[in-house]
Amino acid sequence: TNPGFMVRITQAGLDYAHQQAIPFLEQELAQLKLPDLSGESRVLRVGKVRYEISSLELSSFQLPHSRISLVPGLGLQVSISNAFAELDGDWRVKFHFIRDHGSFELKVENVYIRISLQLGSDSSGKPTSATSSCSTRMSKVRVRFSGRLGWLYNLFYGAVESRFKEILERKVCDSVTRLVSSELQPYLQTLPVTARIDSKAGIDYSLVAPPTATSQALDADLKGEFFSLAHRSSVPFPPLALPFPSDHSHMVYFGASSYFFNTASLAYHQAGALLFDITDSMIPKGSEFHLNTTTFSAFVPQLEEMYPEMPMKLRLSAPSAPFLSIRPEGISLRPVVDIQAYAILPSSSLAPLFLLSLVSNVSAVINIRDGYIVGSLQLGRMKLALKSSEVGTFQVRTLQSIINIYASSILLPRLNARLEEGFPLPLPERIQLSNILLRFHQDFLLLGADVHYQPR
């Protein structure tokens, strides 16, 4: 299935994510719990040396050099080099009739860690993450003991050094796997794959396939489809296959196709939201054109005779969902609107007068604000045609100016007020966008942005 909405995270975005994640990893590793060690070391021509290592506690785990990189076709890899850790503890030794004890400080240097992350999607279309592999290598361990009998240290140090390395290497990977499971995976699950927009419509941002790593970016294809809350049905037109431009100057890019916007139009049309009534009470004060038969009789002479001095109502509806087109020069649409005019009788019932068809060129202005796509419409040239009349024939072009006033001063502000509320972008929690780029391409809108993560 082709996506209606696309997301690309560039290497710059991954570098920023890495900057945010490494302090969490350092904090997690610094809290490693190490078990007590005990055993015997057999020393040639000396005998058995029994030792106990206890109260092990890490004081720090530093990751000064690290990088997250893309592995095409597989996922992400985190590489950490020249890391070091410091810990201290107590030791106790028994050798023949000699007993001694003290404390020690241990420093592990030249630690290399390699973590592979596999990205996928679950049954609801949310992204998932898992540690597919983890390896740790430590090349140097230095220990400084405190105690009275210094020559005793060498009798058991060699035996515990390898055990220290083995335990630390295993614990580091266990901690990484736990951190991915307890922090990264729940955070990815905050991505809203379906969102209720208002009382009429929702939006579906579920993944149509697992995220894909290339040599330059991490790409995610989303359904990008609006739907009516009252009745969700299949969209009668397919999304197009769209190429993503090779732009990598921002951390993240969003590609919103014409399919994405046109399903919004379809959803609101199905929900009955593209129906507007205009009455005289909505006419701006001071307007010379009031919505009554007295005003309209200047354009439709039969009104004064058939319905003298009666208020009127105009009901605007779209016979079909208006579809927009996206081209390099911008967004435009050419909606068709039916305008049914009524006289409001003294009994409050409605008497149909005439039905007009209005076709207008409309351009759209798009912007991004607080993680929402917002917009506004601008009316262009309008064309009226008479579809039917219960008050005889008349010159439709004479109504052009008054209908233009009503559309510009009443209908358009209502539509723009809704568009000003906006539609949410697919963002996980605590993400803010900045340095916004907007660029139009054939059949889709490209949004570029940098990211700021707000910690809890």
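Quick notes on this one:
- Extreme residue, modelled with the lowest pLDDT, among residues of segment 131-161 that are within 30 Å of P186 (Cα to Cα) and open to solvent by 50 Å² or more (accessible area, probe 1.4 Å): R137
- Among the conditions (1) on the phi > 0 side of the Ramachandran plot; (2) in contact with a Leu (Cβ under 9 Å, 6 or more places away or on another chain), the only one that Y372 does not satisfy is (1).
- Single residue of I373, I431 found to be under 35 Å from the mean Cα position of the chain (by Cα) and open to solvent by 20 Å² or more (accessible area, probe 1.4 Å): I431
- Hits in segment 197-208 (condition: open to solvent by less than 40 Å² (accessible area, probe 1.4 Å) and not in a strand (DSSP E or B)): I197, D198, Y205, S206
- Subset tally (residues that are under 30 Å from V337 (Cβ atoms) and β-branched (V, I, T)) for segment 407-456: 1
- Conditions (1) modelled with pLDDT of 95 or more; (2) touching a Gly at 6+ places or on another chain (Cβ under 7 Å); (3) open to solvent by 10 Å² or more (accessible area, probe 1.4 Å): number failed by R114: (2)
- Residues of segment 296-346 satisfying the condition of being within 30 Å of Q378 (Cα to Cα), in contact with a helix residue (DSSP H, G or I) (Cβ under 8 Å, 6 or more places away or on another chain), in contact (Cβ under 8 Å) with a residue 24 or more places away in the chain and not hydrophobic (A, V, I, L, M, F, W, C): P311, S320, P322, S325
- Members of segment 220-232 found to be modelled with pLDDT of 90 or more and open to solvent by 30 Å² or more (accessible area, probe 1.4 Å), listed by number: D221, K223, F227, L229
- Taking segment 271-357 and the strands (runs of 3 or more DSSP E) fully enclosed by it, the elements with 2 or more residues that are over 24 Å from S258 (Cβ atoms) are at 275-279, 312-317, 336-344.
- Residue selected from segment 179-195 under the condition free of Cβ contacts under 8 Å to residues at least 60 places away in the same chain and more than 17 Å from L427 (Cβ to Cβ), by the criterion least open to solvent (accessible area, probe 1.4 Å): Q185
- Scan segment 347-370 for residues that are over 30 Å from H452 (Cα atoms), touching a residue at least 24 places away in the same chain (Cβ under 8 Å) and loosely packed, with under 15 Cβ neighbours inside 10 Å and the total you get is 3.
The values are calculated or read from the model by the stated rules, or taken from the named source; none is laboratory data. As the structure is a prediction and not an experimental result, all values here were calculated from the model. Note: ideal-geometry Cβ built from the backbone for every residue, glycine included; neighbour counts use all protein chains shown. What goes into the accessible areas is simple: the full protein's heavy atoms, side chains included, and nothing from ligands, DNA or RNA. Shrake-Rupley method; radii C 1.70, N 1.55, O 1.52, S 1.80 Å.
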